[in-house]
Structures are given as C-alpha cells and as structure tokens.
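Student: My questions will all concern the structure given below.
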Amino acid sequence: MVVPNPGEEGYFQRLKAIAKAKTFTITKITPYFGEGVIGETPPSDVPPQMITPFAELEAVADFGNCKMPVRLISPIVSSEVSRLIGSGP
C-alpha cells in the first residue's frame, strides 16, 4: 500500500505515476507489528486474535528525468504477501 501524503488530493494520479517509474529504490525499512490481519477489518468489539509483522518502506521512484519519494506499507511474511495478491492457499 502506498501511503497517502497528508491532505493529498491527487493520490490516485500519484499511484499511476509511480507505476511508470524506471527504477524503484528502497532507502529505509522499519519493521512493526500490527494487531489483526493486514487487509481485514476485525468484527466490532472483538479484540484481534493475532498480531502481524509488517514494514514501512521509504523509497525513491526514479523516472529518468525526476525522482519522487514514496512511503509504502507491506507485509513481510511471504504467506501474507501471497494471500493479499491472491496466489496463496
């Protein structure tokens, strides 16, 4: 997930631009643990049954003639990546 900038109105246009980057360089990785399962909303008034590791990635999208800083949130366990992209069990 690409993190929106505060007050950003052109978020979807920025996503389309990022998709056209020639290179994408990760400059920093910060690991975290979150409550629940990434991409799922827990039922109301029910505490999460698990915690999930994920990372915040700081990166630079390079378009050849300009660069754009990007922040991403990503799972770091391969089974979670597979589940989110639809290739898991």
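The values are calculated or read from the model by the stated rules, or taken from the named source; none is laboratory data. All of these numbers come straight from a predicted model, not from anything done at the bench. Please note: Cβ atoms are built from the backbone with ideal geometry, for glycine as well, and neighbour counts cover all protein chains shown.
Student: What number of residues within the range 2-61 satisfy the criterion of being in a loop (DSSP other than H, G, I, E, B), of a type in the set (A, V, I, L, M, F, W, C) and without any contact (Cβ under 8 Å) to a residue 60 or more places away in the chain?
Tutor: 6
Student: Still on this structure, please answer the following. Could you tell me whether any residue of the range 31-47 is among the aliphatic types (A, V, I, L, M) and at pLDDT 80 or above? Break it down stepwise before answering.
Tutor: Of the range 31-47, the ones among the aliphatic types (A, V, I, L, M) are 37-38, 46.
Filter once more, so that each one left must be at pLDDT 80 or above: none.
No, the range 31-47 contains no residue that is among the aliphatic types (A, V, I, L, M) and at pLDDT 80 or above.
Student: Let me ask something else. Spot the failing condition for G64; the list is (1) over 27 Å from T23 (Cα atoms); (2) in a loop (DSSP other than H, G, I, E, B), and only one is missed.
Tutor: Among (1) over 27 Å from T23 (Cα atoms); (2) in a loop (DSSP other than H, G, I, E, B), G64 violates only (1).
Student: Being more than 17 Å from P4 (Cβ to Cβ), modelled with pLDDT under 80 and of a type in the set (V, I, T) narrows it down to one of V77, V60, V81, so name that one. Please lay out each step first, then the result.
Tutor: Details: V77 fails: modelled with pLDDT under 80; V60 fails: modelled with pLDDT under 80.
It is V81.
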